[in-house]
Amino acid sequence: MSYAKVLSVGLVGVTGHLVEVEADLSAGLPAVVMSGLPDTALNEARDRVRAAVVNSGERWPNRRITVNLLPATLPKHGSAFDMGIAAALLGAAGELPLAALDGVVILGELGLDGSVRPVRGVLPMVVAALRAGIHRAVVPLANAAEAAVVPGITVKAVETLHRLVAYVRSGGALLDPPSDHPPPEPLMLDLADVAGQALGRRAIEVAAAGGHHVAMFGPPGAGKTMLAERLPSLLPPLDDEAALEVSALHSVAGLLPEGGRLVRRPPFQAPHHSATLAALVGGGSGLARPGAVSLAHRGVLFLDEAPEFATRALEALRQPLESGRVLLSRTGGTTEYPARVQLVVAANPCPCAKPQGDAHCECTPLARRRYLGRLSGPLLDRIDVQIELMPVTAADLFVTTSGGEPSADVAERVAKARAAAFARWSAERWRVNAEVPGPRLRQPPWRLPLRDTQPLRRRLDSGSLSARGFDRVLRLSWSIADLDGRDRPTVDDVEEALALRTGGGRRFDG
Ligand SMILES: [Zn+2]
């Protein structure tokens, strides 16, 4: 026999596709030819596979070897095909009868010594295999727990190529995924830790209820970071579909928690302002790594000291914020990753970050305007909640020695509010208030009576509120009404929404 094939899986973005790994041996000068759109890593695979086969005690076929990966049109990245290539060419050489691998996907990178190394993206690969009707997978031992969280497919593991060969040749044992209990979800930071800050607490509660992006302005020590870090604790846990989606992204990034557990809580990502563009939106060679904006998918992306981010970085976030996905240009096409995030940005009022009115701050009004102006175009345009926070006072700390209301209680209100919004908009295509276009809220049946929008129209007429700002306040009013269990916003809700929009009198209406 001089031909054999096995099954593997390739990833395009976070979506897996079944790949047939074919090997053919023919007369001619000994050589290995790879075809089927291999990238650089696949060419390196040639050397890895040869060393691994020889160092596993197998005979390397000294003939002309053609390895082909099908479908040819699928871009293929990474090293997960190594083990499949080794099996297929040993099969083609007549060294291995491959019947035992019928209907089994083979995933794993080979080390030169014949060890099998973990690969990124095993979770979505196994999901893809299952969707293609495959019910058995052999994966690297280090990825086995991750692969085993997918129900409906039998996962076996190997730590060496030799173990796979022994299994195929003589029924040797494969390994089972580790059966220890997965580690519990890490505890989330709790809102009970935040002293005082009534405006900030209310702002993130409303933001959680309506899915609104948030901007917080204020000096260091005002609690901006504490509040942002606690927003995920107010959001509903991820449902099965979302958990799989988020876990797949973390798997492709190689960041899934060890021990095999789906990500069930909304993720929180806080990239530093010096982060590279690739770290922020994704990139890198081979199988592109998802960036922070995708790792925060269905969770919170927090940009602290947002004006310090490079303009390019802020601009690069515009597309994912609009479309909920990131497109990365790659050789051989575009890679797409989901990136639907709730954005929280924080900024000091001026570049020197000293308290306002402090004798040491010498920033001119122009310098301050410029500093915050860096945010205006790309980001602030899309942010409904914009508040200014003051430093926590000693009085706050003493009055609230018992701590604030815990996250669990707030999350309960948020869940009810989200259910109300979902019910209202379900006939249309929106899930949360933040997604509803402004004009829709100004038309029947959602238009509020004139007397209830009086405070807004006064501001609009005087020029202290833009038309866009008007719509934002309407959206926030609905979230406040949902939280408080009213089926329509009242004039009080509109007033409160206005405060969450222009808190502290500062306006960034763009
Ligand atoms: Zn200053």
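A few remarks follow.
Results for (1) open to solvent by 50 Å² or more (accessible area, probe 1.4 Å); (2) not β-branched (V, I, T), shown as yes or no for each residue.
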{"position": "L164", "(1), (2)": "no, yes"}
{"position": "G171", "(1), (2)": "yes, yes"}
{"position": "L174", "(1), (2)": "no, yes"}
{"position": "H181", "(1), (2)": "yes, yes"}
{"position": "E185", "(1), (2)": "yes, yes"}
{"position": "A203", "(1), (2)": "no, yes"}
{"position": "P237", "(1), (2)": "yes, yes"}
{"position": "V246", "(1), (2)": "no, no"}
{"position": "G259", "(1), (2)": "no, yes"}
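- Just one of (1) within 16 Å of the ligand (Cβ to nearest atom); (2) in contact with a strand residue (DSSP E or B) (Cβ under 8 Å, 6 or more places away or on another chain) fails for C352. It is (2).
- The residue of segment 201-228 that is farthest from L379 (Cα to Cα), among those that are assigned to a loop (DSSP other than H, G, I, E, B) and out of contact with any Pro (no Cβ under 9 Å at 6 or more places or on another chain), is G211.
- E336 acidic (D, E), more than 16 Å from the ligand (Cβ to nearest atom) and in contact (Cβ under 8 Å) with a residue 40 or more places away in the chain: yes
- Residue count, segment 82-127 (criterion: surrounded by 24 or more Cβ atoms within 10 Å (Cβ to Cβ) and in contact with a His (Cβ under 9 Å, 6 or more places away or on another chain)): 1
- Residues in segment 63-70 include at least one that is in a loop (DSSP other than H, G, I, E, B), at negative phi and open to solvent by 40 Å² or more (accessible area, probe 1.4 Å).
- When segment 12-33 is filtered for residues that are part of a strand (DSSP E or B) and open to solvent by 10 Å² or more (accessible area, probe 1.4 Å), the ones remaining, listed by number, are V12, T15, G16, H17, L18, E20, E22, D24, S26, A31, V32, V33.
- Single residue of segment 270-284 satisfying the filter (closer than 23 Å to C350 by Cβ and either touching a helix residue (DSSP H, G or I) at 6+ places or on another chain (Cβ under 6 Å) or part of a strand (DSSP E or B) (or both)) that is least open to solvent (accessible area, probe 1.4 Å): P271
- Matching residues in segment 355-388 - criterion: being modelled with pLDDT under 90 and away from the ligand (no atom under 16 Å from the Cβ): L375, S376, G377, P378, L379, L380, D381, R382
- Matching residues in segment 410-443 - criterion: being over 19 Å from V385 (Cβ atoms) and in a loop (DSSP other than H, G, I, E, B): S426, A427, E428, R429, R442, Q443
Results for (1) open to solvent by less than 50 Å² (accessible area, probe 1.4 Å); (2) assigned to a helix (DSSP H, G or I), shown as yes or no for each residue.
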| site | (1), (2) |
| --- | --- |
| P445 | no, no |
| D452 | yes, yes |
| R458 | no, yes |
| R468 | no, yes |
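- Scanning segment 285-331 for residues that are charged (D, E, K, R), in a loop (DSSP other than H, G, I, E, B) and more than 18 Å from Q342 (Cβ to Cβ) yields a single hit, E305.
- Enumeration of residues in segment 318-333 that are free of Cβ contacts under 8 Å to residues at least 60 places away in the same chain, open to solvent by less than 80 Å² (accessible area, probe 1.4 Å) and not aliphatic (A, V, I, L, M): Q319, P320, S323, G324
- Candidates L287, L301, filtered to the one that is closer than 18 Å to L255 by Cα, in contact (Cβ under 8 Å) with a residue 40 or more places away in the chain, out of contact with any Pro (no Cβ under 9 Å at 6 or more places or on another chain) and surrounded by 15 or more Cβ atoms within 10 Å (Cβ to Cβ): L287
- Among (1) more than 16 Å from the ligand (Cβ to nearest atom); (2) closer than 27 Å to A203 by Cβ; (3) hydrophobic (A, V, I, L, M, F, W, C), the one test that L277 misses: (2)
- Any hit, segment 348-361, residues being surrounded by 13 or more Cβ atoms within 10 Å (Cβ to Cβ), within 19 Å of A253 (Cβ to Cβ) and either within 20 Å of the chain's Cα centre (by Cα) or among the small types (G, A, S) (or both): no
- Entry remark, segment 481-494: residues being in a helix (DSSP H, G or I) and in contact with a Ser or Thr (Cβ under 9 Å, 6 or more places away or on another chain) number 4 in total.
- When G286, G282, G291 are checked against the criterion of being modelled with pLDDT under 90 and farther than 22 Å from V206 by Cβ, a single residue qualifies: G286.
- All conditions in (1) within 16 Å of the ligand (Cβ to nearest atom); (2) at pLDDT 95 or above hold for L343, with the sole exception of (1).
The values are calculated or read from the model by the stated rules, or taken from the named source; none is laboratory data. These numbers come from a predicted model, not from an experiment. As a convention, Cβ positions derive from the backbone with ideal geometry for all residues, glycine included, and neighbour counts pool all protein chains shown. Ligands, DNA and RNA are stripped out before the accessible areas are found, and what is left, the full protein with its side chains, is counted by its heavy atoms. Shrake-Rupley method; radii C 1.70, N 1.55, O 1.52, S 1.80 Å.
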